[in-house]
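Enquirer: Below you will find the structure I want to go over with you.
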Protein chains: 2
Amino acid sequence: MSEALRIGMDIGGSKTAAVALDLSGAVVASTQLLTERGPDGVLDTAEHAIRELARLTARSAREFASVGIGIPGQIDRELGVVRNAYNIDVARLALAELLSESTGLTVTLDNDVTAAAIGAAHLMGLSGTVAYLNLGTGLSAGFVVDGAPLRGSHGVAGEIGHLAVDRLERPCPCGQRGCLETVASGSALKTYWPAGGDHPGRILLSAIAAGDAEARTAFEYLVRGAANCVRLLVLALDPHTVVIGGGLRLLGDPLLDGIRTTLDEWSAASPFLTELQLGERVQVLPEDSSAAAVGAALAGIS
Amino acid sequence: MSEALRIGMDIGGSKTAAVALDLSGAVVASTQLLTERGPDGVLDTAEHAIRELARLTARSAREFASVGIGIPGQIDRELGVVRNAYNIDVARLALAELLSESTGLTVTLDNDVTAAAIGAAHLMGLSGTVAYLNLGTGLSAGFVVDGAPLRGSHGVAGEIGHLAVDRLERPCPCGQRGCLETVASGSALKTYWPAGGDHPGRILLSAIAAGDAEARTAFEYLVRGAANCVRLLVLALDPHTVVIGGGLRLLGDPLLDGIRTTLDEWSAASPFLTELQLGERVQVLPEDSSAAAVGAALAGIS
């Protein structure tokens, strides 16, 4: 009989990444497909991904050991239900039960950012307390302490994007003003730098290089907001490492340098902050890491 | 032979509380004494407390099972060293080793607010994720998740008092501006409402009742800052319960009502916040709870 493989899946607004892990946690197969939206579409996508991994690993789908799914929205892990996942057009979906019925496999759900935190800690070999800062369409964080995720009481741990503390006091769709997500997220870029189009992060740096003053301002706000998040995460949880992930990590060194420079400026005025060595705790998730899919597979059995 | 008792101690700026716990975690003896300052004074105080608990429980000091100490400052648990505990005049003290040498007992140290979080969860019978918000001379938090404290990588987890997000942007001794501690703490009251004297919390409500407009403003800032902390703690860690502790909890119902009213006002504008049920998560540590001493005793063996 072939070795038991665990499936992990990251169902995002546009794409779904899926991996199969062996018992050691190594990725032995991976695939990526477009996410179909709505409850039926999401279920179809997940089934499709499992069939594709079965084909890639030359086995029947029923031979997999488990399926873990990272997905946006509010997650009830016990019931296996996802709610309010607006960017995939899902108001409520009993995804674990339905997928388990159709595949015969054990299925667990997790918040996508929590899954990414678990995956990042595993892939990057990080121990102790790890805070994962997701700079994606939205802004939120996930936490892993000594290998175990912190999920909180209602599955909303890490929703720091809705801390209403930014001095610009921009209105947020959540109803508050000044949420960190209104300055440090893909949705903020899209709203306040319309020239950037649908994927502003991809052209932001070239626009700045070409002298676009509004692009530069948008980037500066992004950097300040992200630095604010790092300071917040360190003061709240004192993590060994803060990992920057999410789509905007493609901004790479300019983003990381900007965050560190901002933290250094704040620290220059404060011996207290200096001693916390904020900048030294920050790392960026390597490109092409399927952190959320890997983390979802690992969380599927914990 | 008598039952093994664990000692817990809360060494504060003015007073030291000490308790002896039986194996079930019940307090069987307690004492309180003035804290002597400086390294020698602190060591003397701890020895004195142990002798007093031995007398109260009719045994020799060497019969105690362990000693756990909650103390302000930066704690290195492994080395048993406390540093930068300015309000007891200690720059650095190898308290665990020295006290262990003089008493023959096993001694462990913990941050006083982390110890209070452990003790509050135990005394109030709270499970799941507990955030303890210490409104004392300073402002900070401690966390317990499923019975285990979160201490972070360098013993500074919970230092949310130095999040520089308050719109008044008052200067903070830490070097930043707008730290939450500059509005929501005993030191903020003392600095910005000098009429309150050395213990402004004790006369704040009567001053407001007598029409002191500055006292009312100081109270309003305190309430807003504390509510900001509650929102922050819920968005970051999604605790089942936020316990308000520290000396300012003596403000009682007006403080708790003020915090809940502020959270309700913010929630009225935000369906997102409404769903988080912020106000319902808040409880106040009962008066006369030696939470930090009890928690230190419990942490002494974990």
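Enquirer: Condition check: in contact with a helix residue (DSSP H, G or I) (Cβ under 9 Å, 6 or more places away or on another chain) and farther than 30 Å from B:Leu150 by Cα. Does B:Thr182 satisfy that? Working first, answer last.
Expert: Numbers: in contact with a helix residue (DSSP H, G or I) (Cβ under 9 Å, 6 or more places away or on another chain): yes; farther than 30 Å from B:Leu150 by Cα: no.
Against the criterion (in contact with a helix residue (DSSP H, G or I) (Cβ under 9 Å, 6 or more places away or on another chain) and farther than 30 Å from B:Leu150 by Cα), B:Thr182 does not qualify.
Enquirer: Kindly indicate whether any position in segment B:105-123 is modelled with pLDDT of 95 or more, of a type in the set (Gly, Ala, Ser) and surrounded by fewer than 24 Cβ atoms within 10 Å (Cβ to Cβ).
Expert: Scanning segment B:105-123 turns up no residue that is modelled with pLDDT of 95 or more, of a type in the set (Gly, Ala, Ser) and surrounded by fewer than 24 Cβ atoms within 10 Å (Cβ to Cβ).
Enquirer: For segment B:5-43, name all the residues that are open to solvent by 40 Å² or more (accessible area, probe 1.4 Å) and more than 16 Å from B:Ser289 (Cα to Cα).
Expert: The answer is B:Ser14, B:Leu23, B:Ser24, B:Leu34, B:Glu36, B:Arg37, B:Pro39, B:Asp40.
Enquirer: What number of residues within segment A:55-85 are outside any loop (DSSP other than H, G, I, E, B) and open to solvent by 50 Å² or more (accessible area, probe 1.4 Å)?
Expert: 6
Enquirer: So, in segment A:153-168, exactly how many residues are within 14 Å of B:Asp166 (Cα to Cα), open to solvent by 20 Å² or more (accessible area, probe 1.4 Å) and at the interface with chain B (Cβ under 9 Å from one of its Cβ atoms)?
Expert: 3
Enquirer: Filter segment B:21-54 down to the residues that are touching a residue at least 60 places away in the same chain (Cβ under 8 Å) and assigned to a strand (DSSP E or B), then identify the one that is nearest to B:Gly104 (Cα to Cα).
Expert: B:Leu21
Enquirer: Looking for something open to solvent by 30 Å² or more (accessible area, probe 1.4 Å) and without any contact (Cβ under 8 Å) to a residue 60 or more places away in the chain - is there at least one such residue anywhere in segment A:128-138?
Expert: no
Enquirer: If you don't mind, another one. Can you find a residue that is within 7 Å of chain B (Cβ to nearest Cβ), over 25 Å from A:Gly201 (Cα atoms) and aliphatic (A, V, I, L, M) anywhere in segment A:123-133?
Expert: Residues of segment A:123-133 that are within 7 Å of chain B (Cβ to nearest Cβ), as a first pass: A:128-129.
With over 25 Å from A:Gly201 (Cα atoms) added as a condition, the list becomes A:128-129.
Those still in the list that are aliphatic (A, V, I, L, M) too: none.
Scanning segment A:123-133 turns up no residue that is within 7 Å of chain B (Cβ to nearest Cβ), over 25 Å from A:Gly201 (Cα atoms) and aliphatic (A, V, I, L, M).
Enquirer: For segment A:160-172, indicate whether the set of residues that are of a type in the set (Gly, Ala, Ser) and part of a strand (DSSP E or B) is non-empty. Lay out the reasoning, then the answer.
Expert: In the first step, residues of segment A:160-172 are kept if they are of a type in the set (Gly, Ala, Ser); the result is A:161, A:164.
Those still in the list that are part of a strand (DSSP E or B) too: A:164.
The answer is yes; a qualifying residue exists.
Enquirer: From the list B:Leu233, B:Leu150, B:Leu189, exactly one residue is buried (at least 18 other Cβ atoms within 10 Å of the Cβ) and in contact (Cβ under 8 Å) with a residue 60 or more places away in the chain. Which is it?
Expert: Working: B:Leu150 fails: in contact (Cβ under 8 Å) with a residue 60 or more places away in the chain; B:Leu189 fails: in contact (Cβ under 8 Å) with a residue 60 or more places away in the chain.
One residue alone meets the criteria, B:Leu233.
The values are calculated or read from the model by the stated rules, or taken from the named source; none is laboratory data. Every value quoted in this text rests on a predicted model; they were computed, and no experiment measured them. With ideal geometry, Cβ positions are generated from the backbone for all residues, glycine too; neighbour counts draw on all protein chains shown. Remember, those area values only see protein heavy atoms, side chains included, never the ligands or the DNA or RNA. Shrake-Rupley method; radii C 1.70, N 1.55, O 1.52, S 1.80 Å.
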